[in-house]
Amino acid sequence: VAVDARHALPVPERVGLPAAGGVVEVWLTAYLNLSELGGLRAGERVLVHGGSGGVGTAAIQWARAEGAEVWTTASAAKLARLRELGAARALDYRAEDFAAELRAAGGADLILDCIGAKYLDANLRALRPDGRLVVIGLQGGTKAELDLGRLLTRRIRLIGSTLRALDAERKAGLIERFRARVWPGLASGELRPLVHHTFPLSEAAEAHRLLEGGEVFGKLILTSEG
C-alpha cells in the first residue's frame, strides 16, 4: 500500500498499531466537522447523533475537550456508557424526542448528524438561532422537504461534508492541523479511541454480523494475517 506521506501519522504508544487503524478517519471526521466546519466554541451545546459509533465516540470526547456541553442519541442499552464517556445527556432515539428535549433546554448550537433526511426537520427544530447543522451521513435517506424560511429567520447554517471527497492538498493541510490539535490528546491518553473488537480479516463476515446487530460501541478493526 502506498500513501501520500503527508497523510500519514505516527502511531501513539498508548494506542498501538491495530487500534491506530481505527483512529484516523473517525477522529479526523469529528475534528473537521465540529471544529473547522461547525465552528465549535467552548460553552456551546452540541448534539451528536449516533454517539456509540466510531465517529460518535470521537466527537463526544473532542467536543468535551473543547469545553462544550454534549448531548447524544443512541439505543437504550448504550446510554449509560455514553454518559460515562462524557455526554451530559444521552437520549434513547427510539423512545425520546430529541428535538423537544433540546428545545425545552434552550436548543443546540451545533448538531453533528449521520442520519440525513429522516432527521432534517427535527434537527432544525432543535437548533437555537444562529445554530449550525453539519450532515455527515445519510443513513436515514437523501431527500427531505426543507423550509428555507426557517433557515433565514433563525440564521441557521446547513453544512454537508464528507472527508473522502477532499483532494490530496486539502487533506494534507487538514491532517497537519489535526496532528497539532488532536494528536497530543490521543498520545497522552486524554482522548481514547474506543475499539469494540479486533477480528482477523478471515472473520470479516462475523464482524459485519456484529455491526448489523447493533451491538458495537466504538470501532471494529480488521487485521491482516500475513
Once you charge only the Cβ atoms, +1 for Lys and Arg and -1 for Asp and Glu, what is the size of the charge dipole of the chain about its Cα centre, to the nearest 20 debye?
580
Mean separation of Cα contacts under 8 Å (at least 6 apart) over the residue count of segment 24-164, i.e. the relative contact order in percent, is 21
Would you list which aspartates and glutamates come within 17 Å of Lys171, measuring only between C-alpha atoms, while excluding same-chain residues fewer than 8 positions from it?
Asp4, Glu25, Glu36
In whole Hz, the Karplus estimates of ³J(HN,Hα) for segment 103-114 (6.51, -1.76, 1.60; θ = phi - 60°; x where Gly or Pro) are 4, 5, 8, x, x, 9, 7, 8, 10, 9, 10, 9
Taking the Cα centre of each part, how many Å lie between segment 104-175 and segment 86-103?
17
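Wrap a convex hull around the Cα atoms of the chain, take a quarter of its surface area, and give that in square nanometres.
Working: hull surface 51.9 nm².
For the chain, the mean projected area of the Cα convex hull comes to 13.0 nm².
Under a Cβ-Cβ cut-off of 12 Å, what is the net charge of the residues other than Ser75 that fall near it, where Lys and Arg count +1 and Asp and Glu count -1? Could the numbers behind the result be given before it?
Values: positive: Lys78, Arg81, Arg94; negative: Asp92, Glu96, Glu215.
Taking every other residue near Ser75 into account, the sum is 0.
For the chain, which DSSP H helices look membrane-span-like by this rule: Cα extent along the axis of 18 Å or more and mean Kyte-Doolittle of at least -0.5?
Membrane-span-like by this rule: not one helix.
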Which of the peptides 87-95, 62-70, 161-169, 43-51 is most tightly packed, and how do the rest follow, going by the mean number of other Cβ atoms within 10 Å of each residue?
43-51, 62-70, 87-95, 161-169
Can you give the calculated 222 nm mean residue ellipticity of the chain, where each DSSP H run of n ≥ 4 adds -39,500 (n - 2.57) and the sum is split over every residue, rounded to the nearest 500 deg cm²/dmol?
-9500 deg cm²/dmol
Where in segment 196-226 are there GluC sites (Glu not before Pro) that are in a DSSP coil and have at most 14 other Cβ atoms within 10 angstrom of their Cβ?
Glu215, Glu225
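Values in this text are rule-based calculations from the coordinates and carry no lab data. Since the model is a prediction, treat every value here as computed from it, not as a measurement. Reconstructed Cβ throughout: ideal geometry from the backbone, glycine too, with neighbour counts over all protein chains shown.
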